[in-house]
Amino acid sequence: MKTRKGNKVYPLTNAQKLHFYCLKYCPKKQVLNIGASLTIQVDLDRKLLEESIKKAISRCESMRIRFAQDKEGNTWQYVVKEDDSVIEHFDFTGWTMEAAQAKMEEWTKTPFSRFDSPMHHIVMIKLPDGFQGIYIAVDHMTMDAQSLIIFYRDIIELYCYRQYDTIKYPKEMASYITQLKKDLIYEEGSPACQKDREFFQKLISSSEPIFADIYGPGKLEAERNATGNPNLRAATNTSDNVDANITTFHLETDPSARLHKFCQEQKVSMVCLLLMGLRTYLQKENNLDDISVTTTIARRATLSEKRCGGSRIHCFPFRTIIPKEDTFLEGIYKIRDMQNQYFRHANYSPSEYYYYRKEYYHLKDGQTYEPLSLTYQPLSTRYDGPGLEMLDGIQYKSARYTNGVAAHTLYLTVNENPSDNGMDFCFEYQTGVVTPEKLRDIYYFLCRILFRGTEDSSRTIGEIIEWV
């Protein structure tokens with residue numbers, strides 16, 4: 001296949017292939033749906049908002065991605081010149097907030113038609129409390145969280161440009177197709193790709209990780225007993241029941257600011273701090289220094305990558321061995337140093353990584369070393385561009401909606417909350433494996449570890465574990 005409906009077609013990228021693999025084997029096809037809303041406490045011009053949304057779609061190539069399947073069953077992608085999808089409107093006046101949320105969850109749980117069809121669903125909404133804005137559902141093969149936030153902000157900036165005379169026209173989005181071509185050149189066997197492959201294969205073969213669960217060593221011990229292998233280090237962490245939900249805990253403005261201040265003073269990223277907190281929690285629960293979790297890398301270092309849209313996230317296992325005698329800060333620096341190495345090689349295919357590791361350690365289907373994954377989203381949907389003083393004091397609200405499905409046991413996404421500049425800890429979890437009560441425990445101990453460690457980063461990990 002070279003063209004589809006007059007448009008040039010392209011292969012899927014490594015990031016898309018990882019999602020496509022998930023879609024292929026998950027029984028519920030809404031698994032790739034991302035649903036979110038952004039609302040503000042102001043009366044919006046509905047016609048102007050709809051025009052701004054349509055303009056934003058015309059500026060964002062990845063919102064016009066379509067997929068096609070050839071006679072051999074291969075999936076391709078192409079970008080249509082014009083999007084003919086309908087921008088809907090829904091007024092929740094008179095509804096309860098719980099009923100409105102349930103309705104938007106219903107939208108999020110509706111699978112997209114996979115081929116030759118728009119991969120988004122956009123609704124202008126008015127909530128029961130009077131807040132107005134936009135609900136968007138997108139397919140993860142076309143957008144990730146960062147590109148969705150950029151798209152939201154583009155709508156806001158286009159709307160403000162039309163509404164206020166003093167605000168300049170927002171800068172153009174970057175081309176998804178141009179960046180796609182660069183990615184495909186890398187993936188076709190470039191020297192950089194081979195260098196990244198060598199890095200990760202050497203890392204994988206250095207020594208075998210060990211599974212450390214959120215519930216402690218019970219799952220690994222049970223699998224050791226079942227297989228008769230007392231030295232088994234991987235555990236099966238999947239479930240036939242993929243039903244899922246999202247539970248969110250909000251960290252207020254002041255404590256969030258303290259964590260940000262610590263990161264600024266120590267010159268480390270927030271994701272380093274969060275990884276340190278999570279791995280210390282798992283270290284406490286399993287009495288192990290060797291901890292692995294899955295980390296996500298946005299791969300948006302350049303301006304083109306930041307503004308091209310699409311799905312660029314790569315997920316890799318992230319293993320650290322940090323003894324309890326190390327100080328909290330020493331542990332963070334070890335994470336930072338390893339993370340910097342990952343960044344240099346992050347274009348490597350996650351699918352190839354997992355296949356190589358599975359073959360190297362003879363893992364069975366479903367066996368893994370990672371109990372959960374972490375994503376940190378530093379971007380906020382809150383508008384902070386020119387003319388901000390005209391919007392001063394306006395309240396913002398953002399929300400995520402479950403699609404009802406999770407391919408893996410537990411995901412934690414931490415993002416900045418636009419309403420108060422606090423932080424939201426959003427746990428997406430398989431309801432048959434993880435309970436809301438367990439999530440409260442994780443969040444409680446994670447916060448205690450983070451604040452105990454940042455108050456005095458010279459404390460040892462052992463001291464912090466004893467205290468919490």
* To do: Say whether the condition of being hydrophobic (A, V, I, L, M, F, W, C) and touching a Lys or Arg at 6+ places or on another chain (Cβ under 9 Å) is met by at least one residue in the range 97-105.
  => no
* To do: Test Met124 against the criterion of being touching a strand residue (DSSP E or B) at 6+ places or on another chain (Cβ under 7 Å), part of a helix (DSSP H, G or I) and either touching a residue at least 40 places away in the same chain (Cβ under 8 Å) or open to solvent by 70 Å² or more (accessible area, probe 1.4 Å) (or both), and give yes or no.
  => no
* Asked: Yes or no: Arg258 in a loop (DSSP other than H, G, I, E, B) and either touching a residue at least 40 places away in the same chain (Cβ under 8 Å) or open to solvent by 50 Å² or more (accessible area, probe 1.4 Å) (or both)?
  -> no
* Would a scan of the range 264-281 turn up a residue that is of a type in the set (S, T, N, Q), under 24 Å from Glu325 (Cα atoms) and assigned to a loop (DSSP other than H, G, I, E, B)? -> yes
* Being buried (at least 16 other Cβ atoms within 10 Å of the Cβ), modelled with pLDDT of 95 or more and closer than 23 Å to Glu252 by Cα is the filter here, so list the residues in the range 452-468 that pass it. => Arg452, Gly453, Thr454, Ser457, Ile464
* Structure fact -> When the range 300-310 is checked residue by residue, the ones that are open to solvent by 30 Å² or more (accessible area, probe 1.4 Å) and either closer than 30 Å to Ala235 by Cβ or of a type in the set (Gly, Ala, Ser) (or both) are Ala301, Ser304
* Scan the range 197-212 and give yes if some residue there is of a type in the set (Ser, Thr, Tyr), closer than 30 Å to Leu446 by Cα and assigned to a helix (DSSP H, G or I), otherwise no. => yes
* Asked: Filter the range 131-168 for residues that are of a type in the set (Gly, Ala, Ser) and open to solvent by less than 30 Å² (accessible area, probe 1.4 Å); which is farthest from the chain's Cα centre (by Cα)?
  -> Gly133
* Report whether or not Glu330 is farther than 30 Å from Ala174 by Cα and at pLDDT 95 or above. => yes
* The lone exception for Lys171 - which of (1) surrounded by 15 or more Cβ atoms within 10 Å (Cβ to Cβ); (2) among the basic types (Lys, Arg); (3) not in a helix (DSSP H, G or I) it fails -> (1)
* Structure fact -> Selection from the range 319-353 of residues of a type in the set (Lys, Arg) and either free of Cβ contacts under 8 Å to residues at least 24 places away in the same chain or touching a Phe, Trp or Tyr at 6+ places or on another chain (Cβ under 9 Å) (or both) yields Arg319, Lys334, Arg344
* Count of residues meeting criterion [open to solvent by 20 Å² or more (accessible area, probe 1.4 Å), under 15 Å from Ile65 (Cβ atoms) and assigned to a helix (DSSP H, G or I)] in the range 1-55 -> 3
* Asked: Within the range 94-103, is even one residue of a type outside the set (S, T, N, Q), touching a residue at least 40 places away in the same chain (Cβ under 8 Å) and either assigned to a strand (DSSP E or B) or surrounded by 12 or more Cβ atoms within 10 Å (Cβ to Cβ) (or both)?
  -> no
* Consider only pairs whose beta carbons are under 6 Å apart and that are at least six residues apart or on different chains; among these, list those whose first residue lies in the range 223-250 and is over 30 Å from Ser398 (Cα atoms) and whose second residue is polar (S, T, N, Q). => Ala234/Gln367; Thr236/Gln367; Asn237/Thr368; Asn237/Thr409; Ser239/Gln430
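The values are calculated or read from the model by the stated rules, or taken from the named source; none is laboratory data. All values reported here derive from a predicted model rather than from experimental measurement. In this analysis, Cβ positions are derived from the backbone assuming ideal geometry, glycine residues included, and neighbour counts consider all displayed protein chains. Side chains are part of the model used for accessible areas, which takes the heavy atoms of the whole protein and leaves out ligands, DNA and RNA. Shrake-Rupley method; radii C 1.70, N 1.55, O 1.52, S 1.80 Å.
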